[in-house]
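Taking it in order: structure first as structure tokens, then the write-up.
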Amino acid sequence: MATVDDKKIIFSMVGVSKTIQQNQKQILKNIYLSFYYGAKIGIIGLNGAGKSTLMKIIAGLETQYQGQVVFAPGYSVGYLPQDPQLDPTKTVKEVVQEGVQHVVDTLKEFEEINLKFGMPEYYEDPEKMDKLFARQAELQDIIDATDAWNLDNRLERAMEW
Ligand SMILES: Nc1ncnc2c1ncn2[C@@H]1O[C@H](COP(=O)(O)OP(=O)(O)O)[C@@H](O)[C@H]1O
Ligand SMILES: [Mg+2]
């Protein structure tokens, strides 16, 4: 259903230009653009055309430019960089494992539940058993959806490439 917000402009760039100080190279020249609320926008251009620079200006990471960047009140920007900053003290495998920690935790909880099924404290208490079954079903869905059973295999395979 169409709402007022559909035609609301939440972001504008007004006459933005950018010149690299060191070599006086002009990367962006007099850019005007506006985003509607809810719009999905792609920026297309050759390598070095200035896409990343434009995004960094939108994100507020690049502040050396001429012109204006305007957000409607109440709106802000999130930025997902192309080259993420990785922790230099960690190995690649550690970084990847951290990223899948939630999957590892899910597998661990699943195994803990399986152990509990064999404990009198649980199997002698129907209420506790019901809770275990319910939680097990939830975890099973998460595990299936993320192909978590194969996580170790997938990490090992990725490391060999
Ligand atoms: N900090 C910088 N110093 C010097 N040149 C830069 C800097 N950032 C970008 N450039 C130059 O500006 C141009 C646009 O870069 P960029 O925005 O990364 O383009 P794109 O993302 O479209 O490939 C390129 O020629 C690049 O070499
Ligand atoms: Mg780029």
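All of the numbers you see were taken from the coordinates with simple rules; none came from a lab. Predicted model, so just to flag it, every value in this text is computed and none were measured. As a convention, Cβ positions derive from the backbone with ideal geometry for all residues, glycine included, and neighbour counts pool all protein chains shown.
At a glance:
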quantity	calculated
Selected residue (only one of Phe71, Phe110 is in contact with a helix residue (DSSP H, G or I) (Cβ under 7 Å, 6 or more places away or on another chain) and either surrounded by 10 or more Cβ atoms within 10 Å (Cβ to Cβ) or in contact (Cβ under 8 Å) with a residue 40 or more places away in the chain (or both))	Phe110
Residue within the range 57-68 that is away from ligand 1 (no atom under 16 Å from the Cβ) and among the hydroxyl-bearing types (Ser, Thr, Tyr) present	no
Considering residues of the range 38-60 that are more than 8 Å from ligand 2 (Cβ to nearest atom) and of a type in the set (D, E, K, R) only, the residue surrounded by the fewest Cβ atoms within 10 Å (Cβ to Cβ)	Lys40
Every residue from the range 114-143 that is hydrophobic (A, V, I, L, M, F, W, C) and more than 30 Å from the chain's Cα centre (by Cα)	Leu115, Phe117, Met119, Met129, Leu132, Phe133
The range 100-139: number of residues that are among the charged types (D, E, K, R), farther than 27 Å from Asn153 by Cβ and part of a helix (DSSP H, G or I)	5
